[in-house]
Amino acid sequence: MTNIHGIDATGLEFVATAAEIAAEIREEAVEVDKDAKFPARSLAMLAERGFFGLCIPADAGGQAQPPGVFAAVVEQLARACPSTAMIYVMHVSASRTFVASQTLADRASLLRDVAAGKHLTTLAFSERGSRSQFWAPVSQFEQDGNGGFVTSASKSWVTSANHADSYVSSAQKPGAASPLESTLYVARRGASGMKVTDSFDGLGLRGNDSAPVEITDLGVAAGELLTPQGDGAAMMLEVVLPWFSVGTAAMAHGICLAAVNATKTHLSGTGFEHDGSKLRDLPNLRARLAKMSCRTEQSRALLGFTAQAMLAPNEQTPLYVLQSRMSALEAAIDVTDLAMKACGGAAFSRHLGVEQMFRDARAGWVMAPTVDHLQEFVGRALTGMPLF
Ligand SMILES: Cc1cc2nc3c(=O)[nH]c(=O)nc-3n(C[C@H](O)[C@H](O)[C@H](O)COP(=O)(O)OP(=O)(O)OC[C@H]3O[C@@H](n4cnc5c(N)ncnc54)[C@H](O)[C@@H]3O)c2cc1C
């Protein structure tokens, strides 16, 4: 496959290993979807083969790979099991806050554990009260009188809720004048005051275990803060958003590539017995496949460009990051819709796997920043307005 992400030889080895893992998990992905089962085996493989620390600096024990390698790895995983890809994207995006943190007391040991595949993390931004507007948590910190803090929150969707070792969470700083005055902190799963209150039974990405978590009077020591009080929004926008956008765009592209491949195979291998023609002999179906491929490659090219721009960012780079996520999410919706139409009833039934791609593709659109938010952010940036 063309090296659109501009990856060097070391990075390509990671991509090749990810492709091997994808081949091993493809069959189980059907069960993951059918039973809404957490893909524990794929995660164990990723942990064992060094992928938990893929984007962690070498001096912290990681593999120090850039966004382009992350994208290409996620794309491979999503071609086989989008739930695995999603869990992995959340892990890498959350672990980047550990890298960036200057306040986390056990930063070095936590990063070493992540890099060694011993610690899975995730994001817990969405709250019942803030819904998709992740930049405005309604939960709040209060001082505990001993230099630490206490908070309660209804986190509405936490990927890997029952499996992650920690959640990168958000709350307003004590006495905040606006929800934008937020702080990020690490909440450890199983800590007193943390409870997963339901399970995930969604339309798509059914194995991602994105369940609600109730946080009640959780004590948070100053050393568990990932940012100084009030600096959370900056970390969300400058650290989490770029990695999350690249990862989720790549996930959408993996689904697109899988849909193109399944459609190509179906049109070439299936036909009408009465005249011996194949589905590929119908020009309207060939045109749909051509549109699917073109849309996929346009969006992949934009992400490839963006991932390389992120290595030497300028003032335009954040706009490319947002546009890459927007382009990929819309491409995934269009491409999987075309695949359903091109493959007909065979796609509507489960055996081609296309209906799962169609469902999985829809999750990205509603995850914050949603396509609505992205359109608003990009439109504001282009017209010189502040994001909020
Ligand atoms: C599979 C999956 C996994 C997830 N995992 C996580 C996770 O690990 N961590 C986490 O924090 N969250 C996670 N989420 C939550 C996600 O990021 C969103 O918060 C959630 O999907 C929002 O749903 P809602 O019904 O609350 O949306 P609402 O906020 O009610 O939005 C409803 C509609 O209004 C639109 N809308 C909202 N605000 C605006 C606006 N300002 N301008 C224009 N339109 C707007 C939205 O685009 C949407 O179409 C996950 C979601 C899914 C589907």
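Laboratory data are not the source of any read-out in this text; all were calculated from the coordinates shown. Everything quoted here is computed from the prediction, not taken from an experiment. Cβ sites come from the backbone with ideal geometry, for glycine too, and all protein chains shown count toward neighbours.
Results, tabulated for the structure shown:
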| quantity | calculated |
| --- | --- |
| Single residue of Ser277, Ser268 found to be surrounded by fewer than 19 Cβ atoms within 10 Å (Cβ to Cβ), in contact with a strand residue (DSSP E or B) (Cβ under 8 Å, 6 or more places away or on another chain) and over 24 Å from Thr336 (Cβ atoms) | Ser277 |
| Verdict on Arg288 being more than 30 Å from Gly6 (Cβ to Cβ) and within 34 Å of the chain's Cα centre (by Cα) | yes |
| Failed condition for Ser93, given (1) away from the ligand (no atom under 16 Å from the Cβ); (2) within 17 Å of the chain's Cα centre (by Cα) | (1) |
| Residue satisfying condition, being farther than 23 Å from Gln356 by Cα, surrounded by fewer than 16 Cβ atoms within 10 Å (Cβ to Cβ) and without any contact (Cβ under 8 Å) to a residue 60 or more places away in the chain, within set Ala23, Ala16 | Ala16 |
| Failed criterion for Gln102 (all others in (1) within 16 Å of the ligand (Cβ to nearest atom); (2) under 29 Å from Ala176 (Cβ atoms) hold) | (1) |
| Complete set of residues in the stretch 215-239 that are over 20 Å from the mean Cα position of the chain (by Cα) and within 14 Å of the ligand (Cβ to nearest atom) | Ile215 |
| Residue selected from the stretch 133-152 under the condition touching a strand residue (DSSP E or B) at 6+ places or on another chain (Cβ under 8 Å), touching a residue at least 60 places away in the same chain (Cβ under 8 Å) and away from the ligand (no atom under 16 Å from the Cβ), by the criterion nearest to Ser210 (Cα to Cα) | Ser152 |
| Criterion violated by Ala47 - all others in (1) in contact (Cβ under 8 Å) with a residue 60 or more places away in the chain; (2) in contact with a helix residue (DSSP H, G or I) (Cβ under 9 Å, 6 or more places away or on another chain); (3) under 24 Å from Asp360 (Cβ atoms) satisfied | (2) |
| Hits in the stretch 308-337 (condition: under 17 Å from the mean Cα position of the chain (by Cα) and closer than 18 Å to Arg79 by Cβ) | Ala328, Leu329, Ala331, Ala332, Ile333 |
| Helices (runs of 4 or more DSSP H) contained entirely in the stretch 271-388, each with at least 2 residues that are away from the ligand (no atom under 16 Å from the Cβ) and without any contact (Cβ under 8 Å) to a residue 40 or more places away in the chain | 283-309, 317-343, 345-348 |
| Residue identified as within 17 Å of the chain's Cα centre (by Cα) and assigned to a helix (DSSP H, G or I) among Phe38, Phe52, Phe14 | Phe52 |
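Conditions tested, residue by residue: (1) outside any helix (DSSP H, G or I); (2) in contact (Cβ under 8 Å) with a residue 60 or more places away in the chain; (3) within 15 Å of Ala164 (Cα to Cα).
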| position | (1), (2), (3) |
| --- | --- |
| Asp59 | no, no, no |
| Gln63 | yes, no, no |
| Gly68 | no, yes, no |
| Thr84 | no, yes, yes |
| Ile87 | no, yes, yes |
| Met90 | no, yes, yes |
| Ala105 | yes, yes, no |
| Asp113 | no, no, yes |
| Gly117 | yes, yes, yes |
